[in-house]
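The values are calculated or read from the model by the stated rules, or taken from the named source; none is laboratory data. These figures come from a predicted structure and were not determined experimentally. Cβ: placed from backbone, ideal geometry, glycine included. Neighbour counts: every protein chain shown. To get the accessible areas, we keep the full protein, side chains included, count just its heavy atoms, and leave off ligands, DNA and RNA. Shrake-Rupley method; radii C 1.70, N 1.55, O 1.52, S 1.80 Å.
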Amino acid sequence: METPGRITQTPDSVDFTVENVEKALHQLYYDPNIDNKNLAQKWLMQAQVSPQAWQFCWALLSPDKVPEIQYFGASALHTKISRYWGDIPAEQYDSLKTQLFSQIARFASGSKMVLTRLCVALASLALNMMPEAWPGAVTEMVRVFQEEGGGVDGRARCLALLELLTVLPEEFQTSRLPQYRKGQVRGALGREWSSVSPLLQQLLRQPDSPGLVKARVLKCLSSWVLLDVPLGEVGGLVEDSFAALADPELFDTAVEAIVNAISQPDSQRYVNTLLKLVPQVLQLQDQLREAVQNGDMETSHGICRIAVALGENHSRALLEQVEHWQGFLALVNMIMFCTGIPGHYPVNETTSSLTLTFWYTLQDDIMSFEAEKRAVYLQVYRPVYFQLVDVLLHKAQFPTDEEYASWSSDEKEQFRIYRVDISDTLMYVYETLGAELLSNLYDKLGRLLTNTDQPMSWQHTEALLYGFQSIAETIDVNYSDVIPGLIGLIPRININNVQLADTVMFTIGSLAEWLADHPVMLSSVLPLVLEALGNPDLSVSSVSTLKKICRECKYDLPPYATNIVAVSQEVLIKQIHKTSQCMWLMQALGFLLSALPVEDILRNLHSLITPYIQQLEKLADETPNPSNKLAIIHILGLLSNLFTTLDITKQEDESGEGTPPVKTTLPQLGPNPVVVVLQQVFALIQTVLSKWLNDSQVVEAVCAIFEKSVKTLLHDFAPMVSQLSEMLGQMYSTIPQASALDLTRQMVHIFASETDHFPPIKALFELVTSVTLSIFQQGPRDHPDIVDSFMQLQAQALKRKPDLYLSENLDVKAVFHCGVLSLKFPEGPTVKERVNKRRVKEMVKEFTLLCRGLHGTEYAAEY
C-alpha cells in the first residue's frame with residue numbers, strides 16, 4: 001500500500017501545484033527510500049522549469065512555510081529568471097523587481113539560505129535588464145535598502161543589502177549571458193562601483209559596525225574586485241582591509257579581499273598604489289613572526305599569501321621602481337622567511353610551497369632586462385638566490401626517523417611531491433647562479449663529511465646530495481671541476497638510512513653522462529650500485545642507476561661485465577625486485593652486453609636466459625591458468641626488455657645538426673646474437689602461442705619480443721623475416737589481434753623495400769588485410785583496437801611500399817572504404833593527423849612570452 005501523498009506518477013501526468021510540490025519536497029527530505037528520493041528529485045526539477053512555477057514559487061515563499069519549502073520557491077524563481085528570461089514579457093519586469101525587493105526585505109530577518117537565493121534571483125534579474133531596462137540598478141538597490149520602513153531593523157537591512165551586492169558580481173561570473181551582453185553588463189557594473197565603494201568604506205570605518213557586518217563588507221569587496229575594478233579605485237578599501245587583519249574574526253575574509261584585489265591582472269598599471277601597499281605588507285612581519293612562534297598556521301599562511309600575491313603578480317613593476325629598491329628587497333626577504341618557515345611540510349606547515357612560483361617569476365623578470373640593467377639587479381639578487389638555495393635544502397630535509405615513521409602515507413606522498421617542486425626550483429635558479437652553485441654545494445658537503453667535531457646528520461648530507469642530483473639530472477655538468485671531488489666524497493658517506501642510500505644512488509645515476517667522459521671514476525661508484533642491487537628497499541634507485549650507467553658508459557664497462565652480470569643474475573633468481581624493476585635490469589644488461597665481443601655476448605646470454613627458457617618449457621606443457629599466465633608474461637617481458645637494448649651496432653652522430661645517427665655494425669662472424677637466441681626459442685614460442693592464442697595479453701607479450709627486436713636490430717633481423725611472417729599470418733588468421741598488426745607494420749617499415757624479403761612481407765600484408773576486411777564486413781565497432789592498428793599499417797604500407805596496392809589479391813576500394821568508416825568512429829582518433837612537436841613547443845613559448853609582455857624583447861630572443 002502506498003504512503004499517502006507520495007509522488008509516484010511521471011511529471012507529465014501530475015499537476016505542478018503548491019500542494020504537490022510540498023509533498024515532493026517532504027518525500028525528498030524525509031523518505032528513507034532512496035528510489036523515492038530520486039523520483040521526487042526528478043519530479044521537482046521538472047516542476048522548477050514548468051510554466052506553473054510562476055504560480056507556485058510565490059506561494060511557497062509564504063511566511064507559514066518551513067525554510068526548505070521557501071528555499072525551493074526562491075530557487076524556482078532564480079531558475080525561471082536566469083534560464084528562461086526570454087519567456088518573461090517586458091511589461092512584467094518592474095512588477096517582478098518590486099516583488100523581489102519586497103520578499104528580500106521580508107526575509108532580511110528570516111532564513112539566511114532563503115535570503116541568499118532571493119538575492120541571487122534579483123541579481124539575475126538586474127543582469128538581464130542592465131543597462132537599458134534598468135539603468136542605475138545598483139544605485140537603486142543601495143537606495144531601497146537604506147530607506148527606513150517595512151518593520152525591518154537597520155542591521156538586518158544592511159546585511160541583506162550586502163548579501164545582494166556580494167552575489168551580484170558572483171552571478172555575473174556564472175551567468176549565461178551572450179558574450180556581447182557580458183561586455184555591456186561588465187561595463188555597466190564597473191560604472192556602478194561608485195555607488196558601492198562609499199557604502200563599504202563607511203561600514204568598515206564606523207567604530208560601532210558589528211563584526212558580522214564588517215566581515216560581509218570584506219566578502220563584498222572580494223566579489224567586486226574580481227570584476228576587474230581598477231586597483232586605483234579600491235586602494236582605500238584595501239588599506240581598510242589591512243587594518244582588519246588585526247581582528248581574528250575578520251582575518252580570513254580580509255586576506256581574501258586583499259589577495260583578490262592585488263592579483264587582478266590590470267592592477268600592475270597602478271604603480272603608485274602598489275608602492276603604497278609594500279610598506280603595509282612589510283608591517284605584517286611582526287604579526288607573521290608571532291603567528292609562527294605560536295604555531296598559528298592559519299595566520300602565517302594568510303600573511304604569506306598576501307606577500308606572495310604582491311611579489312608574484314607585480315615583481316617586474318616593482319623592480320622597475322629603482323628608487324624604491326630597498327622596499328622591494330625587504331618584501332623579497334619577507335617572502336624568503338615564508339619559504340623557510342619553520343617546521344616540516346606538510347605536517348607542521350603548508351605555507352612554504354606557496355612561495356616557490358615567486359622565485360621563478362622574480363628570476364624571469366630580472367633576466368628579461370637588457371644586459372646592463374640585468375647585471376645591476378644580479379649584483380643585488382644573486383646573494384638572495386644563494387640564500388634561497390640554503391633555505392630550500394633545509395626545507396627538503398627529512399624529519400627524524402621517529403617523526404617520519406609517524407607520518408601517514410598521504411603526508412609522505414605530499415612531502416615527496418614538495419621535494420620534487422624544490423628540485424625543479426633548484427634546477428631553475430641554476431640559470432642565475434651557474435657553476436658557483438655546484439661549488440657552493442660541494443664545499444658544504446665536503447665540510448660536513450670531514451668535520452669530526454660534531455655528529456653528522458644524515459638528513460643534512462642527504463639534502464645536499466639531493467641538491468646536486470636536482471641540477472645534474474637536467475643540466476650538463478661535464479665542464480664542472482667539482483664532480484671528481486664529489487665522486488671522491490661519496491664513498492666517505494656513512495650510508496645508514498634508506499632515504500640517504502636512495503639519494504646516493506640517484507645522485508650517481510644523474511652523473512652517468514659525466515662518468516662516460518671520465519671512466520676512471522667508475523671503479524669508485526660501481527661497487528656501491530651493485531651492493532645496493534641486493535636491497536629491496538633500494539630497488540627503484542639502484543636499478544635505474546645501473547641502467548643509466550650501462551646505457552651511457554657501456555664501452556667502458558667490459559672489465560666490470562662479469563661482475564655486473566653475476567650480481568644481476570643473483571638478484572633476479574632471488575626475486576628481490578618487482579616486475580618493472582626486473583624489466584629495467586634486463587634493459588641495463590642489454591646495454592652492457594652490446595659492447596662485448598659477440599662470443600662473450602652469446603656466452604652471457606646463454607647463462608642469463610637458460611633458466612628462463614627452461615621455466616618457459618615447463619610452463620608451456622601446463623594447462624593454462626591465471627598463475628602460469630602471469631609467469632609466462634613475465635618471462636616474455638624479460639626477453640623483450642633484454643632485446644630492446646641489446647644492439648651490437650655503434651651509433652655515430654653526424655656533424656650536421658638534425659641528421660639522424662648512423663649505425664655501423666661492429667665486425668662479427670655469423671648472425672646477430674639476438675637472432676641466434678630467437679631462432680633457438682622460436683619453436684618454444686610457437687608452442688606457447690598454440691595454447692594461449694585466444695589470450696590477448698600473452699599474444700601481445702610474444703609480439704613485443706619480435707617488435708622490440710626488429711626495432712633494435714633493423715636489417716640484422718633479416719634471417720627471421722620468413723618464419724616470423726608465416727607465424728604472424730597463422731596467428732592473425734586464427735584469432736585477429738591488434739598486436740599482430742602492429743608487428744606486421746614494423747616488418748613492412750623495415751623490410752618491404754628489400755627484394756629478398758618482399759615475397760613473405762607481401763603475402764603477410766595481403767593476408768592480414770583480407771582477414772581485417774572481413775571484420776569490417778561483420779561490424780568493426782567491437783574491435784576499435786584492430787581498426788586503429790589496421791589503419792596505421794595501411795598508412796605505413798602507402799609510405800614505404802605503395803607497390804603492395806598493385807596486387808590483384810588486394811581489394812583497394814574496400815581498404816579505402818574501411819578508412820572512411822574509421823574516420824567516423826566516435827572513439828578517440830582512430831586515424832591520426834601528425835603533430836609537429838617542435839612547432840607546438842614554439843607556439844607555447846610564444847604564448848608565454850605574450851602573456852608576460854615580453855614578446856619581441858631582447859629576452860625573448862635569448863629565450
Selection count where residues are crowded, with 16+ Cβ neighbours inside 10 Å, in contact with a helix residue (DSSP H, G or I) (Cβ under 7 Å, 6 or more places away or on another chain) and assigned to a loop (DSSP other than H, G, I, E, B), scope region 21-77 | 2
Right, residue 647: at pLDDT below 95 and closer than 17 Å to residue 619 by Cβ or not?
-> no
The one condition residue 470 fails out of (1) surrounded by fewer than 22 Cβ atoms within 10 Å (Cβ to Cβ); (2) modelled with pLDDT of 90 or more is (1)
Out of (1) under 30 Å from residue 107 (Cα atoms); (2) open to solvent by 10 Å² or more (accessible area, probe 1.4 Å); (3) among the hydroxyl-bearing types (Ser, Thr, Tyr); (4) not in a loop (DSSP other than H, G, I, E, B), what's the single condition that is false for residue 209?
-> (4)
Filtering helices (runs of 4 or more DSSP H) wholly in region 557-653 for at least 2 residues that are closer than 24 Å to residue 697 by Cα, acidic (Asp, Glu) and out of contact with any strand residue (DSSP E or B) (no Cβ under 9 Å at 6 or more places or on another chain) gives 598-621
What do you reckon, is residue 477 crowded, with 16+ Cβ neighbours inside 10 Å, of a type in the set (A, V, I, L, M) and either closer than 26 Å to residue 572 by Cα or in contact with a His (Cβ under 6 Å, 6 or more places away or on another chain) (or both)?
-> no
Per-region count, region 516-539, residues under 18 Å from residue 500 (Cβ atoms) and either in contact with an Asp or Glu (Cβ under 7 Å, 6 or more places away or on another chain) or surrounded by fewer than 18 Cβ atoms within 10 Å (Cβ to Cβ) (or both) | 8
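One line per residue, one yes/no per condition, for (1) buried (at least 18 other Cβ atoms within 10 Å of the Cβ); (2) at pLDDT 95 or above; (3) of a type in the set (A, V, I, L, M, F, W, C):
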position: 680; (1), (2), (3): no, no, no
position: 684; (1), (2), (3): no, yes, yes
position: 689; (1), (2), (3): yes, no, yes
position: 692; (1), (2), (3): yes, no, yes
position: 702; (1), (2), (3): yes, yes, yes
position: 711; (1), (2), (3): no, no, no
position: 717; (1), (2), (3): yes, no, yes
position: 724; (1), (2), (3): yes, yes, yes
position: 734; (1), (2), (3): no, no, no
Which of (1) of a type in the set (A, V, I, L, M); (2) under 25 Å from residue 537 (Cβ atoms); (3) over 43 Å from the mean Cα position of the chain (by Cα) is the odd one out, the single condition residue 598 does not satisfy?
-> (2)
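May I ask you to verify whether residue 132 is assigned to a helix (DSSP H, G or I) and among the charged types (D, E, K, R)?
Criteria not met by residue 132.
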Going by the conditions given, is residue 667 outside any helix (DSSP H, G or I), surrounded by 15 or more Cβ atoms within 10 Å (Cβ to Cβ) and modelled with pLDDT under 95?
-> no
Any residue in region 735-746 that is more than 21 Å from residue 810 (Cβ to Cβ) and part of a helix (DSSP H, G or I)?
-> yes
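This table checks each residue for (1) at pLDDT 95 or above; (2) among the aromatic types (Phe, Trp, Tyr); (3) open to solvent by 80 Å² or more (accessible area, probe 1.4 Å).
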| position | (1), (2), (3) |
| --- | --- |
| 154 | no, no, no |
| 164 | yes, no, no |
| 169 | yes, no, no |
| 176 | no, no, yes |
| 179 | no, no, yes |
| 187 | no, no, no |
Taking residue 804 as meeting all but one of (1) within 43 Å of the chain's Cα centre (by Cα); (2) not in a loop (DSSP other than H, G, I, E, B), write down the number of the exception.
-> (1)
Which of the residues spanning region 250-293 are outside any helix (DSSP H, G or I) and at pLDDT 95 or above?
-> 250, 283, 284
From the list 579, 623, 610, pick out the single residue that is surrounded by fewer than 19 Cβ atoms within 10 Å (Cβ to Cβ) and within 42 Å of the chain's Cα centre (by Cα).
-> 579
Could you check, for region 319-331, whether at least one of its residues is of a type in the set (Val, Ile, Thr), open to solvent by 40 Å² or more (accessible area, probe 1.4 Å) and modelled with pLDDT under 95?
-> yes
Within region 78-92, the residues that are exposed (fewer than 13 other Cβ atoms within 10 Å of the Cβ) and part of a helix (DSSP H, G or I) are 86, 87, 90, 91, 92
Could you please let me know if residue 286 is open to solvent by less than 60 Å² (accessible area, probe 1.4 Å) and over 26 Å from the mean Cα position of the chain (by Cα)?
-> no
Which of (1) without any contact (Cβ under 8 Å) to a residue 24 or more places away in the chain; (2) in contact with a His (Cβ under 9 Å, 6 or more places away or on another chain) is the odd one out, the single condition residue 582 does not satisfy?
-> (1)
Residue 108 fails exactly one of (1) touching a residue at least 24 places away in the same chain (Cβ under 8 Å); (2) open to solvent by 30 Å² or more (accessible area, probe 1.4 Å); (3) over 40 Å from the mean Cα position of the chain (by Cα); (4) farther than 19 Å from residue 18 by Cβ, namely (2)
Quick one: which residue in 768, 787, 815 is touching a Gly at 6+ places or on another chain (Cβ under 9 Å), part of a helix (DSSP H, G or I), open to solvent by less than 40 Å² (accessible area, probe 1.4 Å) and of a type in the set (A, V, I, L, M, F, W, C)?
-> 768
So which residues in region 78-98 are farther than 16 Å from residue 133 by Cβ and without any contact (Cβ under 8 Å) to a residue 60 or more places away in the chain, if there are any at all?
-> 78, 79, 80, 84
Residue 252 being over 19 Å from residue 354 (Cβ atoms) and either surrounded by fewer than 19 Cβ atoms within 10 Å (Cβ to Cβ) or touching a Gly at 6+ places or on another chain (Cβ under 9 Å) (or both) | no
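Scan 364, 401, 390 and give me the residue that is closer than 17 Å to residue 430 by Cα and open to solvent by 40 Å² or more (accessible area, probe 1.4 Å).
Testing whether each residue is closer than 17 Å to residue 430 by Cα and open to solvent by 40 Å² or more (accessible area, probe 1.4 Å) leaves just 390.
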